[in-house]
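Colleague: Can you keep this structure in mind? I'll have questions shortly.
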Amino acid sequence: MNEKPVAIIIPCRNSGNSLSMTINSILQNFVYPYKIILIESESNDGTADYCDRLANAHPDKIEVHHIKAEGTTLAINYGIKCAGDMDVFLTQDDVIFHKFLGRDMLYEMVSYSEYPDCGIVTVRNGGGTSGEMYLDGFKWVGTWCMFISRKTINKIGMLDECLNPGDGDDIDYTYNVFSNGLKVYEIDMFIEHHRKFNIDQHEHESQKIKKRNSIYFKKKWGLDKPSVLVKLEINGITKTFDRFTLLDEGYQIDKLGYVHHDKEVFNMITNVVKTFKNDDIMLDIGAGVGDTSVWHDKGTCFAFEPSPRCYKHLLTNMKLNPSIKVVPIHRAVFSSPVNYTIKQGDHYGLDEVLISEDKSTPQAIVLDEMFKGVPNIKLIKIDAEGADLEVLKGAINIIKKNKPIVIIETNHVEKAEVEKILIDLNYSLIGSSGVNCIGVPIK
């Protein structure tokens with residue numbers, strides 16, 4: 001890898017004490033070479049002087065530029081120009097935890113950016129969901145955690161300054177990346193972001209600006225017209241989806257997008273469902289918007305999705321594929337029938353199911369209880385956002401009886417226990433990559 005420094009661009013206006021925490025988190029943790037570029041905009045709380053002191057104290061690491069207060073979008077683009085031919089990492093008032101599990105976040109971002117199809121790299125909690133004024137449910141990468149390689153900038157340009165002072169510019173840039181056939185890659189790191197806005201609060205939250213930018217964004221991309229439907233084909237099976245839900249799930253129309261959507265997993269799913277008979281069953285736990293549930297042409301899929309917003313789009317994509325049989329179940333799955341509540345996260349994949357003491361809340365389903373005595377379960381896919389191991393523990397008996405293919409996404413801590421359970425059930429593990437574990441019964 002050519003270790004050319006990365007420009008870390010930080011727009012700062014009246015940032016106060018929040019800026020010091022951001023700078024210290026970078027100085028203390030980054031290993032990969034970098035240059036911090038501070039873009040200060042007519043602050044009146046001492047931020048300008050503080051930026052100057054930082055640049056004097058770290059002349060090899062920090063430079064500061066003082067510009068007019070004309071908006072965050074213009075400030076970011078000014079920083080990108082100052083970066084010359086360097087790749088850029090955009091952040092704001094964030095504390096960045098780099099050496100999580102001994103890894104260097106910036107190094108990993110640079111590594112992914114070298115992929116020919118990479119447009120942006122972010123961290124797993126670095127994206128958000130736009131409000132309905134932009135795209136309902138579209139997952140985007142915020143400028144508080146957006147790594148952009150110079151090749152991406154050369155191809156699609158900088159942020160759209162028509163969206164200044166800084167509302168919707170990151171949604172627009174992410175959409176631009178997808179529309180140019182590029183992908184967004186995520187890495188498992190964490191940042192604490194938006195501790196304080198870097199522009200005036202009233203300016204950032206102006207509903208007039210939001211409405212104006214939303215109208216501009218939709219006209220720019222032709223989204224003021226009816227929703228576009230697309231066909232996606234994998235292994236000779238074709239299904240119809242709403243375009244925006246595909247984008248949220250990481251697809252770029254006919255391509256798999258986010259790196260956590262493993263092509264090997266989808267190949268396995270489509271190869272299995274192609275052999276389905278009319279009485280065969282698939283269990284999709286954590287169905288999301290239905291990007292797995294709809295792939296069969298015969299048999300039945302029971303699709304479990306507790307998140308209200310995911311469930312809404314699951315129903316939409318079911319209607320677009322009327323020839324298949326999907327039984328949607330708006331409930332969580334666990335190892336015991338606990339009561340639970342939903343905590344809404346920044347975007348679909350970060351909604352949390354929290355165990356509740358309130359007996360009036362929904363009760364989780366246990367697969368061994370619901371499907372006791374049910375034959376012909378051929379495939380179980382588990383992607384339960386941290387509850388994967390518990391879901392598996394509640395399905396031991398039906399797995400023993402039916403010997404289905406098991407595809408489970410789990411975290412690094414629980415991965416070894418998940419694999420041990422499958423091996424003890426006389427499964428071989430194939431195609432295990434990242435956090436995806438594919439279990440195939442040994443005949």
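Colleague: Anyone know which of E42, E409, E186 comes out most mobile in the 10 Å Cα GNM of the chain?
Modeller: With Cα springs under 10 Å in the chain, the top fluctuation among E42, E409, E186 is at E42.
Colleague: Separate question: Cα gyration tensor of the stretch 6-221, axes a ≥ b ≥ c as square roots of the eigenvalues: rounded (a/c below 1.5), prolate (a/b > b/c) or oblate? List each step's numbers first, then the result.
Modeller: Values: a/c = 1.60, a/b = 1.12, b/c = 1.43.
It comes out oblate by the Cα gyration axes.
Colleague: State to the nearest 20 debye the size of the charge dipole of the chain about its Cα centre, where the only charges are +1 on K and R beta carbons and -1 on D and E beta carbons.
Modeller: In total the dipole reaches around 1480 debye.
Colleague: Can I ask one more? Order by neighbour count: E369, E385, fewest other Cβ atoms within 10 Å first, most last.
Modeller: Details: E369 12, E385 19.
Fewest to most other Cβ atoms nearby, the residues stand as E369, E385.
Colleague: Next question, about the same structure. How do the peptides 6-14, 43-51 rank, highest first, by the average count of neighbouring beta carbon atoms within 10 Å per residue? Walk me through the numbers before you get to the answer.
Modeller: Working: 6-14: 25.3, 43-51: 16.7.
Ranked by mean Cβ neighbours within 10 Å, highest first: 6-14, 43-51.
Colleague: Near K35, which aspartates and glutamates are there with a Cα under 18 Å away, not counting those fewer than 8 places off in the same chain?
Modeller: Here the aspartates and glutamates satisfying the reach criterion relative to K35 are E3, D52, D60, E63, D85, D87, D93, D94, D104, E108.
Colleague: By DSSP, what percent of the beta bridges with both residues in the chain are antiparallel, rounded to the nearest 5?
Modeller: Given both bridge residues lie in the chain, the antiparallel proportion sits at roughly 45 percent.
Colleague: Please state the shape class of the stretch 367-414: rounded when a/c is under 1.5, otherwise prolate if a/b exceeds b/c and oblate if not, all from the C-alpha gyration tensor.
Modeller: prolate
Colleague: With 25 Å as the limit, write out which pairs from K274/K381; K359/K381; K239/K325; K298/K400; K325/K378; K151/K183 have Cα-Cα distances beyond it, or answer none.
Modeller: K359/K381
No lab work stands behind these numbers, since they all come straight from the coordinates. All values derive from a computational prediction rather than experimental measurement. Reconstructed Cβ throughout: ideal geometry from the backbone, glycine too, with neighbour counts over all protein chains shown.
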